[in-house]
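Here is the structure we will look at, set down as C-alpha cells.
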C-alpha cells in the first residue's frame, strides 16, 4: 500500500474513533486497522513527525489541525462515494462503507467536487453521518448511543458509528438503519442484550452493538 494511502487510512480512522475529540489509544487504532500494536506505533511516530497528530504516551493520539483537515478531505470523498454507490448503483446498505472506503483513495479534488455536484451536494451519508463540505466544515449532529436510552422511550436511529461490514450486516438483518424507530423495553441481567420493539416486533441487540447505534428521541 502506498505511504500516502496508508496515512489517509490512519487519519480517517483516528477521526472516526475519536468521538468528537477523545484521545484514541494506539491499541484501539491498531485493532481498527487490523495490524499489530508495534506496526501502529511505527506509523504513529511517522504521523507525529509530519505534525499530523499528537501522541500522549500511555493515553493516545489526537489529530492536529492539519491532520484534521487531511482526514476531512478523505471522509468527504468516502461519504460522497457512499451516497453514489447506495443511491445510483443500489449496492446493499451493509456493503456501502467498505466499497466507498476503497474508492476514497483513488479520487482527486476535481473528481470529488464533480461527484458532489452530480449528487446534488448531499449533506448526509447512507450511515447517517454528515458529509464535510468542500471547505472542511462539518455539521454538528448531537445524538446518544442506544445503550444509554431510557426504557419505553421511542427513539429514531440517527447514524451508525464505525459502520464496517460485519456490524452493518448484523444491523441490516435486524432491520436497523438510519431513520428506524425503536423502543428499548428490556435489558438482560449481567450486561446482557437489550430487547427492542421495532414495528411491533421484539428483537434483541447486544450491548456492544447498541453502543454504535446513535439515536435521538422522536418526541
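Is the shape of the stretch 144-217 rounded, prolate or oblate, going by the alpha carbon gyration tensor and its root eigenvalues a ≥ b ≥ c, with a/c under 1.5 for rounded and a/b larger than b/c for prolate?
rounded
Mind checking which of 143, 106, 116 has the largest fluctuation in a GNM of the chain, springs on alpha carbons under 10 Å?
Its mean-square fluctuation being the largest, the pick is 106.
Once you compute Rg and the Kirkwood Rh from C-alpha atoms, what is the Rg to Rh ratio for the stretch 1-62?
0.91
Give the angle, between 0 and 90 degrees and rounded to the nearest 10, that separates the Cα long axis of helix 165-174 from the longest principal axis of the Cα atoms of the chain.
Tilt of helix 165-174: around 20 degrees.
Calculated from DSSP H runs of 4 or more alone, at -39500 (n - 2.57) each and per residue, what is the 222 nm mean residue ellipticity of the chain, nearest 500?
Value at 222 nm, helices only, nearest 500: -14000 deg cm²/dmol.
Find how many whole Å separate the alpha carbon centroid of the stretch 110-142 from the alpha carbon centroid of the stretch 156-201.
Distance between centres, Cα-based: 25 Å.
Once you put a point 7 Å from the Cα of residue 117 and another 7 Å from the Cα of residue 219, both along the Cβ direction, what distance in nm separates them?
In this crude spin-label approximation the distance works out to 4.8 nm.
Sticking with the crude label model, points 7 Å out along Cα→Cβ, report the distance from residue 106 to residue 164 in nm, one decimal please.
Taking the two extended label points, one gets 2.2 nm.
Where does each of 97-104, 108-115 land if you order them by average Cβ count within 10 Å, highest first?
97-104, 108-115
Tell me the label-point distance for the pair residue 35, residue 4, using the 7 Å Cα-to-Cβ offset, in nm and rounded to one decimal.
1.8 nm
Roughly speaking, what % of Cα-Cα pairs in the chain are separated by over 28 Å, rounded to a whole number?
34 percent
Would you please give the FRET efficiency between residue 195 and residue 89, computed as 1/(1 + (r/R0)^6) with r the Cβ-Cβ distance and R0 = 30 Å, to the nearest 0.05?
0.25
Computed from the coordinates by the stated procedures, all read-outs in this text should not be read as laboratory data. Since the structure is predicted, the reported quantities are computational estimates derived from the model, not experimental observations. Every residue, glycine as well, gets a Cβ built from its backbone with ideal geometry; the counts of neighbours run over all protein chains shown.
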